[in-house]
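The values are calculated or read from the model by the stated rules, or taken from the named source; none is laboratory data. Bear in mind that the values here come from a model prediction, so they are computed numbers and not experimental data. Note that each Cβ is placed from the backbone with ideal geometry, even for glycine, and that neighbours are counted across all protein chains shown. The protein model used for the area step is the full one, side chains on, heavy atoms only, and it has no ligands, DNA or RNA in it. Shrake-Rupley method; radii C 1.70, N 1.55, O 1.52, S 1.80 Å.
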Amino acid sequence: MGMAALMGSLAMIGLAEGAQPSRPNVIVFLADDMGIGDLSCYGGKQAPTPRIDRLASEGTRFTQYYSASPICSPSRCGIITGNYPARWNITSFLQTKKGNAGCEMADYLDPQAPTLPRAMKAAGYATAHIGKWHLGGGRDVTEAPKFAAYGYDEGVGTYESPEPHPDITATNWIWSNQDKVKRWNRTAFFVDQTLDFLDRHRGAPCFINLWPDDVHTPWVPDEVSDRKDLPKNFRPVLAELDKQVGRLLDGLKARGLEENTVVIFTSDNGALPTFGERSGIYRGSKLELWEGGIRMPFIIRWPGRVPAGRVNEQAVFCAEDLFPSICAVAGATVPREAKLDGVDISAVWRGNAAPQHGPIFWEYGRNDEFFKFGPDRSPSLAVRRDSWKLLMNPDGSKLALYDLATDPSEKHNLAATKPELARELSKLVLDWRATWPKR
C-alpha cells in the first residue's frame with residue numbers, strides 16, 4: 001500500500017472512530033402512573049405538556065397502545081421480556097416476600113427470562129437501566145439479581161431495585177427528605193444520568209430504559225407543598241416531567257444525536273387518582289382492566305424514519321411487542337430460544353399500514369385478600385380481538401363484552417346480545433389462562 005493510500009485509510013479509521021454509530025440509539029421513556037388524559041396532545045386539561053406535545057409533533061402518536069398490566073411490576077415485565085407477565089409469575093407490584101406469596105407471584109423477575117437489554121447488548125449496544133425498576137429488590141427481598149443479570153451494563157436504580165443509587169435512597173424506603181436528590185428533582189436526576197451515559201458511550205449505539213417514578217404519588221413539587229392538596233400538587237409535578245422531556249430532547253440535539261436516536265414515550269399503567277379526567281374518555285384507572293387502566297399514551301420519534309406529525313388511530317399493539325420491534329429497529333436478533341408473545345410492529349412505527357394484530361390478553365386480581373383494586377373494580381381477565389374486548393372472572397362471572405370501535409368508553413355490555421361471540425372469547429381467554437406456569 002502506498003503512503004497516500006495508507007494515510008487515507010488511517011483518516012477513514014479516525015473518521016469512523018469519531019462518527020456516530022450507524023445504528024440508532026434507543027431510549028424508552030416510561031412514565032409512572034400516567035393516564036392517557038394527562039397529556040395535552042391527547043386532549044388532557046390537567047396541565048399543559050408542550051415538550052411532550054413537541055415530541056408528538058416530531059413523531060407519531062398512537063391511540064390504541066396497551067400496557068401489559070394495570071399495575072407497575074407486571075407492566076414492566078411485559079416490556080422487558082416480550083412475554084405476558086403471567087408467564088413469569090409477576091402478577092402485581094413486587095413487595096415483601098409475604099405479600100408476593102399472597103399475590104401468587106415470584107419475588108423477582110427470573111433472570112432466565114428473555115430480556116430486551118440482553119438482546120441489545122448481544123448486538124453491540126451499550127445498555128443502561130435508569131430509574132424505577134420494580135422487578136425485584138427492596139423491602140425484605142435482598143437476593144434479587146443485579147442489573148447485569150438481565151443484560152444491563154449499568155443500572156441506576158431506585159429503592160425498589162437490586163442496586164439503589166445512594167443519591168436517591170438515603171434511607172430504607174422509596175424516598176425521604178434526607179435524600180441528596182430531593183423528590184421534586186428526581187426526574188431531572190434521571191435525565192442527567194441518561195445524558196451522561198450517552199456521553200460516556202459515544203463509540204457505540206446505546207439502549208437506555210429511562211423510567212422515572214413521576215407522576216406516581218406522592219406528588220411533592222417542592223419543599224413546602226401541602227401534600228394533602230392532591231390536584232394542586234399534581235399539576236406542577238406533571239409540568240416538571242414535561243420540562244425534563246424537553247431537557248432530554250435538547251440534550252440529544254446539543255450532542256448531535258437527535259437524528260440518530262429513537263425516543264419512545266409511554267406509561268406503565270393508568271392513573272390513580274384520576275380526578276375524573278386523567279383517563280380521558282376511557283373507563284377506569286390503575287388497578288383495573290377497563291381501558292383507563294391499560295390503554296396508554298404512546299409516542300415514537302425517529303427523524304426521517306418515523307413519520308412526523310402523524311396520529312395513528314388504527315394500529316393496535318401492546319407492551320409485549322416492544323421487544324421484537326425494538327430489536328428490528330436496532331438490527332438486533334431475538335434469541336432463537338425466546339418464545340415471545342409480542343410481535344414485530346416496527347413497520348407500523350415507520351408509517352406502513354398496520355397488519356391485523358392477534359388477540360391480546362390481560363389479568364389482574366387473583367384473589368380478594370392481597371390485591372388492591374380501583375374504585376370501579378373490573379373482572380380479573382380480559383382479551384381484545386379485533387375491535388372486541390371481553391372481560392370475565394375465571395368462574396365465568398361478571399362477563400362483559402364491548403365493541404371498542406363504537407364504544408371505547410365501555411358503557412354498553414353486549415354479552416347478552418352476542419352470546420356466541422362472548423362464549424368464543426371466553427374460551428379464548430380461559431385457554432390462555434390454562435397455559436400459565438404453576439406457582
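Within the accessible area of the chain, what % is carbon and sulfur when the probe is 1.4 Å and the other protein chains stay in place? Roughly 53 percent, rounded to a whole number.
Heavy-atom accessible area for Thr435, with the other protein chains in place and a 1.4 Å probe, reaches approximately 80 Å². For the residue pairs Lys243/Lys411; Lys98/Lys132; Lys372/Lys418; Lys98/Lys438, the alpha carbons lie more than 26 Å apart in Lys243/Lys411; Lys372/Lys418.
Rg and Dmax of segment 238-304, both derived from C-alpha coordinates alone, stand at 15.1, 42 Å. Computed from label points 7 Å out along Cα-Cβ, the spacing between Gln178 and Lys45 is 4.5 nm. Between His412 and Ala354, the FRET efficiency estimated from the beta carbon spacing at R0 = 22 angstrom works out to 0.30. Between Glu277 and Thr96, the contour length at 0.36 nm per residue exceeds the Cα-Cα span by 61.9 nm. Reachable lysines from Lys45, Cα under 16 Å, same-chain residues fewer than 8 places away excluded? List returned: Lys232. Net length available on complete extension from Asp431 to Thr333 is 32.3 nm, with 0.36 nm assigned per residue and the Cα-Cα distance removed. Over the chain, accessible surface divided per residue gives 40 Å², non-protein components excluded, 1.4 Å probe.
Placing a label point 7 Å from the Cα of Asp386 along the Cα-to-Cβ direction, the residues of segment 397-433 whose backbone N falls under 17 Å from that point are 401-408, 414-415, 417-429. Each residue, Phe373 and Ala204, gets one label point 7 Å from its Cα in the Cβ direction; the gap between the two is 4.8 nm.
For the chain, the relative contact order is 24 percent, taking Cα pairs closer than 8 Å that sit 6 or more residues apart in sequence and dividing their mean separation by the residue count.
Taking 17 Å as the straight-line reach from the Cα of Lys339, the aspartates and glutamates in range (excluding those fewer than 8 positions away in the same chain) are Asp110, Glu320, Asp321. Neighbours of Ala353 by Cβ distance under 15 Å: Lys/Arg scored +1, Asp/Glu scored -1, total 0. Peptides 202-215, 183-196 ranked from most to least packed, by the mean per-residue count of other Cβ atoms within 10 Å: 202-215, 183-196. Between Lys146 and Lys398, how high is the FRET efficiency from 1/(1 + (r/R0)^6) when r is the Cβ-Cβ distance and R₀ = 51 Å? Nearest 0.05. Taking R0 as 51 Å, the efficiency between Lys146 and Lys398 is 0.80.
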